[in-house]
Amino acid sequence: MTASDVSQRTVTNPTGMIEAPVGESRRSRRRRERAEVAAGRLSSPAASTIAIVIAVLWSIPTLGLFVTSFRTVDDIQGSGWWTALTSPLFSPYNYQAALVDSGLASNFVNTLVITLPAVLIPITLALLAAYAFAWIPFRGRSTLFVAVFALQIVPIQVTLVPLLNLYVDAGVAGSFWTVWLSHSMFALPLAIFLLHNFMKDVPPSLIEAARMDGAGHVTIFFKVLLPLLVPAIAAFGVFQFLWVWNDLLVALTFASNDATPLTARVADLAGTRGNAWYLLSAGAFLTMLVPLVVFIGLQRFFVRGLLAGSVKG
């Protein structure tokens, strides 16, 4: 008897009804036991205490940044941010000066204009490519997939000058298009790899059943696979959003004055002589506010996307 015969062997209960295959129940049992062991370790008092301590220590710099952003120049120069907790004296001047006088409001809009397409474009292209790699057989599929995956090891820095030369020759240098295309190209290898792995986790019997009902590739993609890929899409969407929003290297290389994002403008807040350094805390907190809201709002999708497929038997 082969291993496949053992895995497909079934048992009959006293009523004569056939129950689930022995191999399947065994795999489910191992999966459940591993999940219970992991949950027990992560929910122990020691693990909870360590997590709380790490969270508090990790949040202290953010609290200091937030408090400093409301302090005056004299207070910042005269004492540390923790003294404001005993003698609070706050002012919204730094935010007013950063948003209005320094023009961060327009750069905030530029960052939104850059980030949203830079998230949607690679997800759209990666979904189509991942479906082709996962469910459309063609010659050289495995080799091409390995080549796409290997592109993740190419450092971004070595591509900046060649890309900039191409953009200058095409006459689009300094526009939003250069930033959109650059972020999309850099994100595609990882996006294709992640979405391909999620699609391969879908049972082949589900795809075959749809084909037996007369569904084509378009129907299978939109009505069968896409609803199942919401956690994966959300996980990569959050990851890509945070990376693009906080990016400085691509912004400094490809964005001009009319397309300068928030990160590049915050880096210039101190001025050439450091005469506006006190605005850095307000500008930095404005920069991190939207990613914080996005991550908290999509945290459950992000965690589900990262943990999916991690407890295979």
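List the number of the failed condition for residue 137; all other conditions in (1) of a type outside the set (A, V, I, L, M); (2) assigned to a helix (DSSP H, G or I); (3) under 27 Å from residue 208 (Cβ atoms) hold.
(2)
Note down all Cβ pairs under 6 Å where the first residue falls in the stretch 205-221 and is within 19 Å of residue 128 (Cβ to Cβ), the second is surrounded by 10 or more Cβ atoms within 10 Å (Cβ to Cβ) and of a type in the set (Gly, Ala, Ser), and they're at least six residues apart or on different chains.
Every condition considered, the pairs that remain are 220/210.
For residue 276, are the conditions met, namely being of a type outside the set (D, E, K, R) and more than 30 Å from residue 196 (Cα to Cα)?
Values: of a type outside the set (D, E, K, R): yes; more than 30 Å from residue 196 (Cα to Cα): yes.
Against the criterion (of a type outside the set (D, E, K, R) and more than 30 Å from residue 196 (Cα to Cα)), residue 276 qualifies.
Residue-wise test of (1) at pLDDT 80 or above; (2) part of a helix (DSSP H, G or I); (3) closer than 30 Å to residue 199 by Cα; (4) not polar (S, T, N, Q).
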position	(1), (2), (3), (4)
15	no, no, no, no
26	no, yes, yes, yes
29	no, yes, yes, yes
32	no, yes, yes, yes
35	no, yes, yes, yes
91	yes, no, no, no
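So residue 21 fits all but one of (1) at pLDDT 75 or above; (2) surrounded by 13 or more Cβ atoms within 10 Å (Cβ to Cβ); what number is the exception?
Unmet condition: (1).
Residue 190 is checked against (1) under 24 Å from residue 238 (Cα atoms); (2) in contact (Cβ under 8 Å) with a residue 60 or more places away in the chain; (3) not β-branched (Val, Ile, Thr) and fails just one. What number does that condition carry?
Here residue 190 meets the rest and fails (2).
Restricting attention to the stretch 209-263, which residues are polar (S, T, N, Q) and either over 19 Å from residue 112 (Cα atoms) or at pLDDT 85 or above (or both)?
Narrowing the stretch 209-263 to residues polar (S, T, N, Q): 219, 240, 246, 253, 256-257, 260, 263.
The answer is 219, 240, 246, 253, 260, 263.
The values are calculated or read from the model by the stated rules, or taken from the named source; none is laboratory data. As the structure is a prediction and not an experimental result, all values here were calculated from the model. Cβ: placed from backbone, ideal geometry, glycine included. Neighbour counts: every protein chain shown.
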